[in-house]
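Down below is the structure, laid out as structure tokens.
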Amino acid sequence: MSGRAARGSEAWRRLGRAMSPKLNKAQVAAGLLCALLGFAAATQVRQVEQADFSDLRQDELVEVLDQLNTQAEQLAEENRALEAERDRLQTSWTQSEAAQEAAAARAEAYGILAGTLPAKGPGVTITVNDPDRKLIAAAAYLLVDELRNAGAEAIAVSGQRITGTSYFADKEAGVLLVDGKEIEAPYEWRAIGDPLTLETALGIPGGALAAVRTLGGSSELTRHDELEITVVKSLSAGEYATALE
């Protein structure tokens, strides 16, 4: 037990004895004195336990308060700067991510149109038969044009991807050349686009399938909720042109 606590306990014991029954005047006076001493000791202990600021003068307290206010303002400014940097980074990251996503979407769309990427989606298949071996390249061109005009985004025929640079040629009766490669009947066409629109476009009087029938051929069209075109076309390197940096 510390000396201060011991003195406090002793003071209260004296007060208890002083306040016992059959007190005389000396005992009452001693009790009051002990009570005052105990109160003074307790007050002193509380003052010692208080913060150090209690010993500072008023001008010193004002200076400490000013310093605390300055530090608080500096911390608030640093916090605002950090929040602004965070918002800038988040905005920059979001814009960069959106730009990357848009670029990836464009690259995918161009790859499908150029035939360098496989494609899938709703579409139609058309099986064209040529029992008399009379179908010519012009009929194939007409079929491609009608599919494109109807919104077909990817086209293939008998394992050959059709793109904007594709060409058809007649090699011999019943044999067509697609980009220099031979295909023979029956020809299987695949086209990805809206199935109903494609079917309607191909079925118009005087259209591509009508020309097939005129040449002695026949066709069978099937709609698909999901159709795949897995064959792709390789792009040759440019001989004269180079990409801009």
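Scanning the stretch 192-245 for residues that are within 19 Å of Gly115 (Cβ to Cβ) and of a type in the set (Asp, Glu) turns up just one, Glu228. Exactly one residue out of Val124, Val128 is closer than 17 Å to Ile229 by Cα and either in the same structural domain as Asp225 (by TED's automatic domain parsing) or in contact (Cβ under 8 Å) with a residue 60 or more places away in the chain (or both): that is Val124.
Matching residues to (1) among the aromatic types (Phe, Trp, Tyr); (2) without any contact (Cβ under 8 Å) to a residue 24 or more places away in the chain:
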| site | (1), (2) |
| --- | --- |
| Arg161 | no, no |
| Trp189 | yes, no |
| Gly203 | no, yes |
| Val231 | no, no |
| Ala241 | no, yes |
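Across the stretch 179-201, the qualifying residues are those that are over 34 Å from the mean Cα position of the chain (by Cα) and part of a loop (DSSP other than H, G, I, E, B), and the one among them that is farthest from Val124 (Cα to Cα) is Gly180.
Look through the stretch 75-130, keep the residues that are among the β-branched types (Val, Ile, Thr) and part of a helix (DSSP H, G or I), and return whichever of them is farthest from the chain's Cα centre (by Cα). Only one residue tops the list, namely Ile112.
Right, Ile204: touching a Gly at 6+ places or on another chain (Cβ under 8 Å) and aliphatic (A, V, I, L, M) or not?
On the way: touching a Gly at 6+ places or on another chain (Cβ under 8 Å): no; aliphatic (A, V, I, L, M): yes.
Criteria not met by Ile204.
Summed over the stretch 132-159, the residues that are touching a Gly at 6+ places or on another chain (Cβ under 7 Å) and modelled with pLDDT of 90 or more give a count of 5. Considering Ala107, Ala81, Ala137, the condition of being of a type outside the set (S, T, N, Q), within 25 Å of Tyr167 (Cα to Cα) and not assigned by TED's automatic domain parsing to the domain that holds Gly180 is satisfied by Ala107 alone. Tell me whether the stretch 202-217 contains one or more residues that are in a loop (DSSP other than H, G, I, E, B), surrounded by fewer than 14 Cβ atoms within 10 Å (Cβ to Cβ) and within 39 Å of the chain's Cα centre (by Cα). No, the stretch 202-217 has no match at all. Checking each residue in the stretch 150-178 for being assigned to a loop (DSSP other than H, G, I, E, B) and either under 26 Å from Pro131 (Cβ atoms) or among the aromatic types (Phe, Trp, Tyr) (or both) picks out Ser158, Gly159, Ser166, Tyr167, Ala173, Gly174.
Would the stretch 103-117 turn up any residue that is of a type outside the set (Phe, Trp, Tyr), exposed (fewer than 14 other Cβ atoms within 10 Å of the Cβ) and touching a strand residue (DSSP E or B) at 6+ places or on another chain (Cβ under 8 Å)? Working first, answer last.
To start, the set of residues in the stretch 103-117 that are of a type outside the set (Phe, Trp, Tyr) comprises 103-109, 111-117.
Still in the running and exposed (fewer than 14 other Cβ atoms within 10 Å of the Cβ): 103-109.
So of that shortlist, the ones also touching a strand residue (DSSP E or B) at 6+ places or on another chain (Cβ under 8 Å) come out as none.
No: the stretch 103-117 contains no residue that is of a type outside the set (Phe, Trp, Tyr), exposed (fewer than 14 other Cβ atoms within 10 Å of the Cβ) and touching a strand residue (DSSP E or B) at 6+ places or on another chain (Cβ under 8 Å).
Within the stretch 50-69, can one find any residue that is among the aliphatic types (A, V, I, L, M), at pLDDT below 85, loosely packed, with under 13 Cβ neighbours inside 10 Å and not in a helix (DSSP H, G or I)? Yes, the stretch 50-69 contains at least one residue that is among the aliphatic types (A, V, I, L, M), at pLDDT below 85, loosely packed, with under 13 Cβ neighbours inside 10 Å and not in a helix (DSSP H, G or I). Here Leu176 meets the list (1) surrounded by 22 or more Cβ atoms within 10 Å (Cβ to Cβ); (2) over 23 Å from Leu235 (Cα atoms); (3) more than 40 Å from the chain's Cα centre (by Cα) almost entirely, failing just condition (2).
The values are calculated or read from the model by the stated rules, or taken from the named source; none is laboratory data. Keep in mind the model is a prediction, meaning the values are calculated, not measured. Cβ coordinates were reconstructed from backbone atoms using ideal geometry, including for glycine residues, and neighbour counts include every protein chain displayed.
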